Every structure is written in C-alpha cells, then in structure tokens.
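The values are calculated or read from the model by the stated rules, or taken from the named source; none is laboratory data. Computed from a prediction, not measured in an experiment: that's the story for all the values here. Here the Cβ positions follow ideal geometry from the backbone for every residue, glycine too, while neighbour counts run over all protein chains shown.
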Amino acid sequence: MKVFSFPRGGILFEDPTVPPKDSCVTAFLPGLSVIPLVQHTGGRAYPIVSVGDYVREGMLIGRGQGLGSANIHAAVPGRVIRMVSWKAAGGSPNEALVIRMEGSFEKLGKRVEHFPWQGLSIYELQRIVSEYGIVEMDGPGRPVSDMLSSLRSLKEPLTLVVRCVFDDPWLVADYVLCRERIKAVVEGSCIAARASRAVRIIFAVSHGEKDLGRMLLAEAESFDIPVSMILVSSRYPQRNQRELDLVLRMYGKKEGIELGYILSFGPATLAAIFDAVKLKKPILERYVAVGGSAVKKAQVMKVRIGTRIGEIFAECGGFIDKPKRIAAGSPLLGRTVVDLDEPVIKTTYAVFAVLGGQAGNALPGSCISCGECRAVCPVGLDPEELYKKAAITDSREPDSGRAPECHGCGCCDVVCPSRLLLSSSIVNSAYRGY
Ligand code: SF4
Ligand code: SF4
C-alpha cells in the first residue's frame with residue numbers, strides 16, 4: 001500500500017524518554033482539583049457556582065461566553081473552596097475553581113447508559129457537543145461546536161479525516177487511547193461526520209500502524225458511510241493541517257475522489273464527541289503521556305481534568321534530580337509549566353520534565369550559516385534569513401515577506417546547532433502589531 005508523504009523538509013523525531021506504548025495506568029483521583037475557566041485557545045467561561053457550593057461530578061460550573069468559548073464541568077464531586085488566579089508562561093492570565101473532593105460519584109463506577117444518536121438532527125448534535133464543552137484535545141483546542149457550526153453554509157462536499165498520525169512520539173497517549181477506545185473513536189467519527197454533513201470518512205494512519213488502520217476500518221463497517229484508509233509518513237510535521245491536506249489531495253487525485261473541504265480530528269477529540277453524544281458525559285479525564293529525562297518512571301496515565309501536574313509526576317516516582325524545565329505538550333511545541341500546581345486541562349496530551357541537555361535547555365548561540373534549518377522547513381522558507389530579518393526590523397511592524405507562511409512547526413528549532421529560537425521569532429514577526 002502506497003505511503004503518502006509531504007514533498008519536502010520535516011524531521012524524524014525520536015525521544016527515548018517518552019513512555020512506552022504498552023503502559024497505561026489510571027491516576028489517583030485528586031483530593032483537590034483545579035478547574036480553569038479556560039482550557040483551550042479561546043475565551044474564558046463565566047463561573048456559575050460560588051465558593052462554598054457543592055458540585056456534582058460532571059456538573060456545569062462555567063458557562064461559555066459565545067464564539068471561541070467552551071463550557072466547563074466539574075471533574076469530581078465536591079465543595080468549591082476557592083477561586084485562584086495565576087499567570088501562565090507568556091503572561092496570559094488564568095482563573096480556576098478549586099474543588100475539594102467529597103460526596104459520591106455519579107458516573108465513575110456506575111452502569112453506563114448508551115443514548116442513540118442516529119435520529120438526532122445535525123443541530124441537536126452540535127448543541128450537545130457545545131453543551132458538554134468539547135474542544136479539540138490535541139491541537140489548538142478550538143471548540144468543536146464552533147468548527148461544526150462554521151460549516152453550515154458550506155457548498156462543497158466535506159470529508160472527515162481521523163488523524164491517527166503519530167509523527168511525534170509524545171502523541172503516545174493518543175495512540176494508547178486509539179487502541180483502548182477504538183469503538184468510541186470510530187463511532188465518534190461517525191457522529192462528527194453526521195454533525196458536519198461529511199460524505200465520507202478517511203482514516204489517516206501513520207506508516208507502520210497499518211494494523212490499527214485495519215481495525216478502524218473493520219469497526220466502521222457497521223456504519224452507513226463510505227470509509228477508507230490512507231497510510232501517511234511518520235515524518236514530523238505530517239500531522240499538521242497543511243501537510244496532511246497536501247497528502248490527502250494527492251490521495252484524492254490518485255483515487256479519483258473529490259474530497260472537497262477537509263475537516264480533521266484526532267482520536268481523543270472523537271472519543272470525547274462519542275462520550276458527549278452517546279454517554280451524555282463531558283470531558284472528565286484524559287490520557288496523558290508523562291515522561292522526560294528527569295522522571296523516574298515514564299508512563300501513559302488516565303488523569304482527571306484538574307489534577308495538579310505535580311501530583312502526576314509524584315505518581316511516576318518523582319524526579320531523578322531537579323528538572324531544568326517542566327512543560328506541557330511535546331518538546332517540539334511545549335508550553336512551559338511555571339508551577340507544579342498547574343492542572344491537567346482538556347488539551348494536555350503530555351507533560352515532561354527534563355534534566356540539562358534535552359530540548360529547550362541549552363542557551364542560544366550565534367548563527368553559523370550551516371543551512372540545516374533550510375533543509376527541514378516543510379514550507380520551503382529560509383528560517384535563517386527570516387530570523388535575522390525579524391531581529392533587525394522595526395519591532396512594531398509585521399513582516400511583509402514570507403514570515404506569515406511559517407506555521408510554527410518548530411523543525412528549524414530542533415536542528416539548529418546554535419539552539420536559536422527561530423520559529424517563535426518568525427511567527428512573532430509575522431503577527432506583531434496586530
Ligand atoms: S517553524 Fe516555520 S520556518 Fe521553521 S521549519 Fe516550521 S514552517 Fe519552516
Ligand atoms: S540552523 Fe541555525 S545556525 Fe544553521 S543556518 Fe539555520 S539559524 Fe543558522
């Protein structure tokens with residue numbers, strides 16, 4: 001079977017400190033959970049409970065404020081004991097409700113009821129997804145209901161793509177979820193296809209995971225929608241929208257299929273859509289990869305939203321030595337965690353802690369014009385030139401050249417022997433002044 005790949009650049013990213021694929025443990029329930037009022041790239045929800053109130057497991061505690069905002073639910077039952085605020089890395093303000101766990105669980109350990117969705121209208125499906133605060137759990141975190149409703153006036157056909165593309169080893173939690181919850185991923189993709197009026201589903205599966213692709217296809221057989229599989233390269237950033245679209249268009253041309261608009265979701269988001277529609281359950285927990293050179297035992301964990309990051313490191317045996325950097329996400333695109341009391345949120349697919357010598361630690365040097373960054377840029381940009389231009393151009397003016405084409409994949413950062421922060425400088429220069 002042909003393996004489709006984006007035409008240029010990219011890197012083969014390997015990291016021996018990621019957790020193994022066969023590890024998955026359920027983390028302890030958090031005695032104190034910290035539930036931020038915004039858990040994605042978007043607007044904050046408005047709290048609808050007060051300090052002192054008792055909240056049930058899965059209860060709505062923050063209401064989304066229109067476009068870009070998402071509802072927030074209590075991940076455990078308990079008492080709201082305080083409201084906290086802090087500044088995340090980069091200075092963005094955050095607020096959270098702190099819940100002390102008490103009382104009984106309404107969902108955990110209870111018999112699961114399945115609700116039929118085939119008879120529901122598209123608008124009802126979109127409303128449910130919005131009510132349960134479903135956001136993309138592996139990308140920028142856009143609210144799924146916003147994405148679906150923006151497609152209402154679409155005239156062309158739509159293809160729903162299931163992104164089982166593991167071009168970054170730190171996506172191992174997604175991989176484990178895909179294996180453990182394959183029925184939920186497949187049925188979630190059928191629900192998403194119906195809610196978006198998709199005419200077909202394509203499973204985009206990393207080269208080397210053909211078996212997983214076959215299992216997905218077999219699960220999808222009982223649903224009344226055309227499905228197919230495309231094998232794609234495991235080279236990073238194959239999973240990015242631009243690189244994925246490129247290979248899907250190649251595939252469509254080869255197969256004589258008109259794909260039209262491409263909407264893609266990762267497995268965690270699709271399982272969350274399934275939980276919302278079929279089980280009437282918001283996002284209460286998620287799979288998280290926990291590792292890095294500073295962590296004693298790297299493992300994939302099923303973690304309640306709101307669990308403090310320090311607690312999950314402690315469950316992994318703690319640190320070998322004082323970490324130089326702690327971050328959420330992948331070393332390629334991670335966000336620095338400034339406080340171990342920061343919680344796991346809907347979009348936390350990985351957390352890592354590193355000793356010296358791993359990505360993000362060495363101090364930047366000077367450009368030696370080696371050309372490595374040019375060789376790996378999938379867009380064909382010259383990161384060296386753009387970086388130097390960004391450093392000398394008037395810092396109030398956005399770059400009028402090719403900087404806006406950069407999609408911040410970070411390939412150039414990884415290969416730069418001088419450890420220059422190329423991608424962030426280039427992206428910032430493209431948008432400064434806005
Ligand atoms: S971050 Fe931008 S400049 Fe660097 S490799 Fe990716 S697209 Fe190219
Ligand atoms: S990889 Fe780094 S050192 Fe080499 S040319 Fe690019 S910016 Fe300069």
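A few points about this structure:
- Checked against (1) exposed (fewer than 15 other Cβ atoms within 10 Å of the Cβ); (2) among the polar types (S, T, N, Q); (3) closer than 30 Å to R335 by Cβ, Q118 meets all criteria but (3).
- Scanning segment 382-402 for residues that are hydrophobic (A, V, I, L, M, F, W, C) and at pLDDT below 90, we see that the one that is farthest from G10 (Cα to Cα) is I392.
- The lone exception for L333 - which of (1) modelled with pLDDT of 95 or more; (2) within 15 Å of ligand 1 (Cβ to nearest atom) it fails: (1)
- Number of residues in segment 133-159 that are within 16 Å of the chain's Cα centre (by Cα), not basic (K, R) and not in a helix (DSSP H, G or I): the value is 10.
- Among the candidates G360, G356, G365, residue that is part of a loop (DSSP other than H, G, I, E, B), surrounded by fewer than 19 Cβ atoms within 10 Å (Cβ to Cβ), within 16 Å of ligand 1 (Cβ to nearest atom) and modelled with pLDDT under 95: G360
- The single condition among (1) closer than 22 Å to A74 by Cα; (2) at pLDDT below 95 that S149 does not satisfy is (1).
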